[in-house]
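What follows is a set of notes on a single structure, which appears directly below.
Since every read-out is calculated from the coordinates, none of them should be taken as a lab result. Given the structure is predicted, the values throughout are model-derived calculations rather than measurements. Backbone-built Cβ (ideal geometry, glycine too); neighbour counts: all protein chains shown.
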Amino acid sequence: MSVYTIERVLWEFAGNPERVQKFKSDPDAYLASYAFLEKDEAEILKNMDVKTMAGRGVSTLLTLMVWQEMEGPQGMPHYMMRMNS
Amino acid sequence: MAKIVGGFCMPHDPLITANPEFADPKQAANVMAAYADIRRRVEELDADTVIVIGDDHYVLFGPGCVPQMLIAIGELEGPLESWLRIERGVVPNHPALAEHIMKTGFDRGFDWAVAKTMTLDHSTMVPIHLTLRGNPKVRVIPVYLSSGVTPVIRAERAFAVGKLIREAVESWPGDERVIVYGTGGISHWVGSKEMGRVNEEFDHRVLSMVESGDIESLLAMDDEYILENGGNGALEIRNWICALGAMTPPRGRVTGKTLVYEPIPGWVTGIGLVELQSGGVG
């Protein structure tokens, strides 16, 4: 388990729309470059399962920031739905 | 000799500038009036330097480096975030005094992380924008404590950093008149399922401790208690505690006067602004 690598993946999306685009177009290929990421963690990231991330101890400052990076400010209701699902 | 002439605690909630419309208009007006009070007080106190204590929110520093305490000694600009509705620009700095605080820390066992240049985030830029921009006299020294991202700085250490800042300012041979800002919201849950909750009871408890200068009780609030009652965002009251340390004279005490308190779910935060006062000898 590598909560810290999940945080690294998320943090490297911040302010970097090119990385976000690469991830969205081929998430498996994108995440393959992170050596310490385990299979279930890659799934959590692919699904942007912020609730599970938070449950594992990933910073919710980071999940919130990256969600907005990916979805824009209008994505907040969806974020809260996902967090409370 | 340089001296600390004032101190304030205030939020740095990015929604205050980014989405003012999310708050009840009357509450928002009360908060903005208190920021205006601080702007006026900074002028009245004839301050020329403001040390702004903020914290990263995983905006500035990534998981590759989480500094417990950082001082910026060189050129400043900000804000980093484009969505704050704050125009990005240069922030006047005070490299000589900043380096003196850095070196005094090294002499006393405070191994600062150091930013030789820095683009400031909302945690320092919101207070700078609302209370200092347009004041031609004031230069800024930013300090960042790890009170948002884990591992979080210990409360006792935050207080000690504040005392160190006071010692450093008072040993500076210039005649600077320095103000200290401790920034951050009181109760707020950031990004978690409780986001939007505000715990007024917790907020009033914190404000009461600050008003009476009850440092012992502030330091006694451990992480678990704060997370349960104030949310992950409330850990940044360690920035306030640092400012309280800077406002505590060697043989005196600090007290506070609340300028405004507003619980604002739309801004996802218990919003408090306080003026600190040093009393006693020293």
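When B:G191 is tested against (1) without any contact (Cβ under 8 Å) to a residue 60 or more places away in the chain; (2) within 14 Å of chain A (Cβ to nearest Cβ); (3) surrounded by fewer than 21 Cβ atoms within 10 Å (Cβ to Cβ), just one condition goes unmet, and that condition is (3). Residue-level analysis places A:F23 outside the set of residues that are within 13 Å of another protein chain (Cβ to nearest Cβ), farther than 21 Å from B:K193 by Cα and either touching a strand residue (DSSP E or B) at 6+ places or on another chain (Cβ under 9 Å) or of a type outside the set (K, R) (or both). Inside the stretch B:232-276, residues that are in contact with a Lys or Arg (Cβ under 7 Å, 6 or more places away or on another chain) and either buried (at least 22 other Cβ atoms within 10 Å of the Cβ) or more than 27 Å from B:N19 (Cα to Cα) (or both) make up a count of 4. Within the stretch B:141-148, one or more residues are out of contact with any Lys or Arg (no Cβ under 8 Å at 6 or more places or on another chain) and within 21 Å of B:A18 (Cα to Cα).
Just to check your reading of the model, which residue among A:M53, A:M83 is surrounded by 20 or more Cβ atoms within 10 Å (Cβ to Cβ) and more than 8 Å from chain B (Cβ to nearest Cβ)?
On inspection, the qualifying residue turns out to be A:M53.
Take the residues in the stretch B:133-143 that are out of contact with any Asp or Glu (no Cβ under 6 Å at 6 or more places or on another chain) and either among the charged types (D, E, K, R) or surrounded by 24 or more Cβ atoms within 10 Å (Cβ to Cβ) (or both); name whichever of them is farthest from B:E43 (Cα to Cα). So the residue we want is B:V143.
Here is a check on your reading of the model: is A:E7 in contact with a Pro (Cβ under 8 Å, 6 or more places away or on another chain) and surrounded by 19 or more Cβ atoms within 10 Å (Cβ to Cβ)? The answer is yes for A:E7. Where strands (runs of 3 or more DSSP E) fall wholly inside the stretch B:1-94, no range has 2 or more residues that are among the acidic types (D, E) and on the phi > 0 side of the Ramachandran plot. Starting from residues that are in contact with a Ser or Thr (Cβ under 9 Å, 6 or more places away or on another chain) and among the hydroxyl-bearing types (S, T, Y), keep the ones in the stretch A:10-62 and report whichever is nearest to B:D13 (Cα to Cα). Ranking the candidates gives A:T60 first. Using beta carbons and a limit of 9 Å, which pairs, at least six apart or on different chains, have the first residue in the stretch B:196-213 and free of Cβ contacts under 8 Å to residues at least 40 places away in the same chain and the second one of a type in the set (A, V, I, L, M)? Pairs found: B:R205/B:M221; B:M209/B:I215; B:M209/B:L218; B:M209/B:M221.
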